[in-house]
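Asks: Next up is a structure, given as structure tokens.
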Amino acid sequence: MNPDAHLLWRAPRWALAALLACLGMLGAFSTDTYLPAFSGIAQAIDATPVQMQQTLSAYLFGFAIMNLFHGALSDSFGRRPVVLIGLVVFTLASAGCALSTHIGALVFFRTVQGMSAGAGIVVSRAVIRDMFPPQDAQRVMSQVTIYFGVAPAVAPIVGGFLFVHVGWSAIFWFLTGIGVVLAIANYQLLPETLHTTHRQAFNIGNLMRGYWQMASSARFMALALASGIPFNGMFLYVLSAPVFLGEHLGFGPEQFFWLFLSTIAGIVGGAWLSGQMAGRIRKPHHQIRHGLLIMAIVSVVNLVLNLLFKPQAWWALPPLGIYAFGWALMVPVVTLMVLDLMPERRGMASSFQACIGSLANGFVAGVIAPLVMHSTVWLAVASTLMMSIGVVAWIWVKPRVT
């Protein structure tokens, strides 16, 4: 923690949480806003459904690869420069997407979007731990998750409206505008939270030692898997939204928000409860157990329902919201555990954790989702398997970190 933290931010704690959450929302907006326009974009630039799916996986893989470096760079050069440069590049890439006339250009600019969008998300986690002791950090992390949870609910509504009433390129001009606003806001408000005595030397040897320290730590890797992989049990449905909602549930583009409303209600509720529990339970890992148990039960229920019945919105969407509740209940605690395993390299730890999660997201987007999206049963099976990876990882690592 920065010893001068009390001097860096004198406004209310929730205001800093809101600023950091806006950085985190950038990724959700970049992912979800254009999903309702998939078919329209494909027609406009003469792309196949598979090629359109690659615009999503390209974004996610770009996000994952650069996540290895955002946090490490912020450990050496400071949190603020990395965030601001990332926002500028994101803004330019969004404009490039809006101006794309063929699938190659769109995939390229989506990759650049992903490479830049992660800067704010990764660095904001390190900022929280720079500024707050553990219990307060959990509360702020939970607040950030609540604010962050609003974005996926709003994004498809905005995307569907812009696509229907203006056109698909307006979606990316909208993202360009968000990039401009966030760049100005963070230039004016975001303090430098990395203390000068905590800066790491920037050289290849030092970076490689840090990466190897994390990659070779079974505890670190297990915690990263426990937090990142279960998310994909819910994210799989977001990635499959055009088919899951359009084909299986018969929704139009303007109705996509129902899926996001369900999942985000769960995220907001779980994150709020996580913040309320901070400092009130003797062992925070109990919170992780509760979250994983909720996800396990609802995953099995969802699978059984899909095996027995034809999907209908009234029962197909609530399990996803409950699953999201369980994930949001446990993830602030796991994230702080990851950061505190490597206190001298919190930026790099945040990077490595985000990279693992993003690689999983990209694999699910590019490989798993196209394979299972046309069957609600296989969607449920894949979701259950991803949840199971997180449960197994936590069962193994729990005795070693508590």
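FYI, it's all coordinate maths here, none of it is from the lab. Every value quoted in this text rests on a predicted model; they were computed, and no experiment measured them. In this analysis, Cβ positions are derived from the backbone assuming ideal geometry, glycine residues included, and neighbour counts consider all displayed protein chains.
Asks: Give me D for segment 6-56 in µm² s⁻¹, whole number, from Stokes-Einstein with Rh from the Kirkwood sum over alpha-carbon pairs, 10 °C and 1.306 mPa s.
Replies: Answer from the Stokes-Einstein relation: 117 µm²/s.
Asks: Just want to confirm a number: the relative contact order over segment 213-361, from Cα pairs under 8 angstrom separated by 6+ residues, in percent.
Replies: That works out to 39 percent.
Asks: Another question, then. Counting pairs of alpha carbon atoms under 8 Å apart in space and at least six apart in sequence, what relative contact order in percent does the chain give?
Replies: In percent, rounded to a whole number, it is 28.
Asks: Which residues among segment 1-43 fall inside the zone where the amide N is under 15 Å from a point 7 Å beyond the Cα of E344, along Cα→Cβ?
Replies: Correct set: 1.
Asks: Can you pull the one-decimal nm distance between simple spin-label points at L92 and S375, each 7 Å off the Cα toward Cβ?
Replies: In this crude spin-label approximation the distance works out to 4.6 nm.
Asks: How many nm is it between the label spots at A218 and N203, if each spot is 7 Å from the Cα in line with the beta carbon?
Replies: 3.3 nm
Asks: A further question on this structure: Can you give me the distance in nm between label points at A313 and V301, each placed 7 Å from the Cα along the Cα-to-Cβ direction?
Replies: 2.1 nm
Asks: Say the dipole of the chain comes from +1 at the beta carbon of Lys and Arg and -1 at that of Asp and Glu; which of A58, V372, L20 then lies farthest toward its positive end?
Replies: L20
Asks: Just from its helices, what would the mean residue ellipticity at 222 nm be for the chain, if runs of 4 or more DSSP H residues each count -39500 (n - 2.57) and the sum is divided by every residue, rounded to the nearest 500 deg cm²/dmol?
Replies: Details: 18 runs with 318 residues, N = 402.
Using -39500 (n - 2.57) per qualifying helix, the result is -26500 deg cm²/dmol.
Asks: When a/c is below 1.5 the answer is rounded, else prolate if a/b is larger than b/c, else oblate, so apply that to segment 312-372 with a ≥ b ≥ c taken from the square roots of the Cα gyration tensor eigenvalues.
Replies: Numbers: a/c = 5.76, a/b = 1.61, b/c = 3.58.
Oblate, since a/c reaches 1.5 and b/c is not below a/b.
Asks: Stretch K398-V50 to full length: gain in nm at 0.36 nm per residue minus the Cα-Cα span? Let's see the in-between values first.
Replies: Values: separation 348, 0.36 × 348 = 125.28 nm, distance 4.00 nm.
Residue separation times 0.36 nm, minus the Cα-Cα distance, leaves 121.3 nm.
Asks: Now for a different question. First check a/c for segment 171-249, with a ≥ b ≥ c the square roots of the eigenvalues of its C-alpha gyration tensor; if it is under 1.5, answer rounded, and if not, answer prolate when a/b is larger than b/c or oblate otherwise.
Replies: The shape class here is oblate.
Asks: A further question follows. Please work out the Cα convex hull volume for segment 31-137 and give it in Å³ per residue.
Replies: Enclosed volume per residue, from the Cα hull, is 102 Å³.
Asks: Follow-up question, since we're still on this one. Let a ≥ b ≥ c be the square roots of the eigenvalues of the Cα gyration tensor of segment 254-306; is it rounded (a/c under 1.5), or, if not, prolate (a/b larger than b/c) or oblate?
Replies: oblate
Asks: Quick one, could you list the DSSP H helices from the chain stretching 24 Å or more along their long axis (Cα atoms) with average Kyte-Doolittle hydropathy of -0.5 or above?
Replies: 13-32, 49-77, 79-99, 103-131, 134-165, 168-189, 257-277, 285-308, 318-341, 346-363, 376-401
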